[in-house]
Amino acid sequence: MNKLKYIAVLAFLGTVGISELGAQIKEEQLILNRKREPEVKKIEKKKTSVVQEKNYPPDNKKKEDSLNLKYDIVNVPPVSDFKTTEIQGEDISPKFSNDHQSNYFRLGYGNYGKFLADANVSGKVQDNVEVGADLHYLSTNGLKKVYDWDSKHNEAKIGGFANIYTESGKFNIDANYAFNNYNYYGIYALTPSNNDVDLQQNVNRFSVNGYYDHYSNEILNNVRVKSYFLTDHFGASENYANAELNLSKHDFSVYDDITANGDLGINLETVNSKFDILNKNTNNQFNFTLSPKVTFYKGDSYLLIGSDFSFLNSKNSSNIAEESKNNKFYWFPKAEVLVAAADEFKFYGGVDGGLKLNTYGNLLDENPFLISDLTLTPTETKYHFYFGLKGDVDQTFKYDVNAGFSKVNNAQFFYNNNLFDTTISADRQGYDYANTFSSIYDNGTLMEVKGDLQAFPMENLTVDAGLHFMKYKLDNLEEVYYKPLFQFNLGAKYTMLEKKLNLGFKAYFVTDRTSNSYSVVTNFPAFEMQENVNEKVGGFADLNLSAEYKIHKNFSIFALGNNLLNAKYQNYLGYKVLGAQFLGGVKITF
């Protein structure tokens with residue numbers, strides 16, 4: 001199969017006389033994240049919206065966006081870990097901003113057996129109705145020279161979407177199916193007796209999302225619905241649904257030059273998780289939240305006062321414990337003040353909090369090597385005080401620097417599992433080699449400092465950077481697992497040759513992380529597992545380059561490189577990432 005993929009790519013490249021192959025990364029750019037709900041992510045990222053939107057956004061939407069502008073870094077792990085790119089995310093970078101065409105087909109091949117096929121097709125069926133489809137596939141052979149057992153990986157996503165524009169608002173609907181097939185290859189404590197051990201895990205997810213944005217903020221602001229159904233190789237299943245309704249009354253006069261916005265958010269969130277191995281945990285959670293707030297504006301300055309009122313109903317059970325039920329009411333303060341001394345200097349501070357439901361699906365997005373049997377507990381941010389400074393200097397330099405302090409209950413961390421079967425046996429399950437992780441929780445405090453910036457020193461150059469410092473102090477755990485003290489990223493995009501050639505650079509720097517680990521202590525004929533609660537997982541620097549050249553308005557070639565320092569780091573203990581990676585290919589737009 002791999003040979004056929006390789007031959008297909010070479011044949012395709014040969015028809016256009018291409019001789020260059022490189023590598024590919026995802027461009028993790030600095031995102032200007034507005035607090036107003038964005039469009040459904042799948043639709044937004046592909047830029048498939050109809051260009052002309054009648055009367056959108058109205059003036060009050062523009063004002064709401066500009067005053068609540070915050071800079072944030074998209075928190076995606078470095079791209080070197082068995083993936084060329086998060087293919088369901090942004091298109092390959094750098095992008096061509098001129099003469100954009102949303103319909104495209106992409107094909108690429110690289111070392112480690114990487115194969116990429118990627119397509120997006122959309123069109124208007126009526127003047128105000130657009131429909132489309134996204135198709136993605138990515139695979140790699142893994143680290144065959146490092147591990148004696150299988151470490152290959154492949155994933156795909158296929159979806160359809162529709163954008164509908166009316167006189168009063170805009171609808172976005174998105175449905176997709178995704179699978180992720182991979183292996184629990186991170187074995188470090190107990191070596192399998194044969195090389196053919198089955199380490200397979202696969203996750204299937206079907207999602208449906210919808211979003212309606214009302215052009216006027218009179219009473220109805222927007223409505224959003226998100227849902228998915230998930231299954232995996234070991235019989236786990238999870239149903240998730242979230243419905244959010246935002247009501248508002250904006251731009252009413254209070255006194256002289258002071259205006260106000262009134263908002264009420266209504267949120268319903270439910271998740272049902274069931275696992276079919278080991279302790280066979282079941283988790284049912286339902287959260288209802290009311291979020292009233294009022295915001296007073298004077299010029300570019302504002303004062304926000306509000307609260308979140310949440311009611312949580314949760315049930316947990318397993319085959320080793322009776323069902324436990326919890327019904328609890330939460331109140332979270334919410335207030336923020338921003339003083340706009342000038343566009344260049346805006347001082348702000350406030351307090352907020354909230355309840356986050358931890359789901360199997362969301363945790364798998366962070367760490368795919370979880371055991372298929374988790375206890376899922378909501379994380380409560382009891383309060384979060386913060387202050388900061390942000391600004392925009394002549395539209396050439398944007399920045400946001402802030403610090404915060406939080407009190408967190410049931411903060412979630414990943415914890416290395418021991419062996420589940422401690423008998424000496426050659427026949428073990430693929431997850432029973434101390435190669436999986438569980439989710440654990442503890443109460444404590446968190447101190448954070450964040451800094452994000454974006455600079456435009458010249459018309460064809462963009463530079464962005466971000467840093468994140470976080471320091472936990474926990475009540476029970478001796479160590480803070482898999483939370484680096486310091487993270488930093490630096491990126492740049494440069495366009496030349498009359499915008500025919502786009503170059504990109506992205507670097508990630510992460511300090512050491514702490515984990516627990518296990519080692520085998522032999523006492524013949526038996527053995528036992530000894531735990532080390534302070535195992536260091538080394539920090540790393542991950543450098544990535546990208547290039548795309550437009551030969552024709554409908555045809556371009558790309559060459560990209562990942563982890564160019566060939567760092568042998570691990571995101572999670574036992575799971576080494578790919579070394580220096582190179583991938584090249586072609587892209588046809590139409």
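At a glance:
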item	result
Mean Cβ neighbour count within 10 Å, used as a protection proxy, ranking 241-250, 351-360 highest first	351-360, 241-250
Residue-span extension gain [Ser307 to Gln530] - 0.36 nm each, minus C-alpha spacing	75.5 nm
Listed peptides 144-157, 574-587 by packing density, highest first (mean Cβ within 10 Å)	574-587, 144-157
Flagged links, alpha-carbon separation over 18 Å, of Lys226/Lys249; Lys152/Lys576; Lys506/Lys576	Lys226/Lys249; Lys506/Lys576
Dipole magnitude of segment 124-280 about its Cα centre (Cβ charges: Lys, Arg +1; Asp, Glu -1), debye to nearest 20	640 debye
Exceeding the 18 Å Cα-Cα cut-off - candidates Lys280/Lys315; Lys390/Lys450; Lys499/Lys553; Lys328/Lys382; Lys124/Lys157	Lys124/Lys157
Net charge dipole size for segment 307-417 [Lys, Arg +1 and Asp, Glu -1 on Cβ; Debye, nearest 20]	420 debye
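None of the figures in this text is laboratory data; all of them are computed from the coordinates on show. Bear in mind the structure is a predicted one, so any value in this text is a computation, not a measurement. Because the Cβ atoms are built from the backbone with ideal geometry, glycine has one as well, and the counts that use them run over all protein chains shown.
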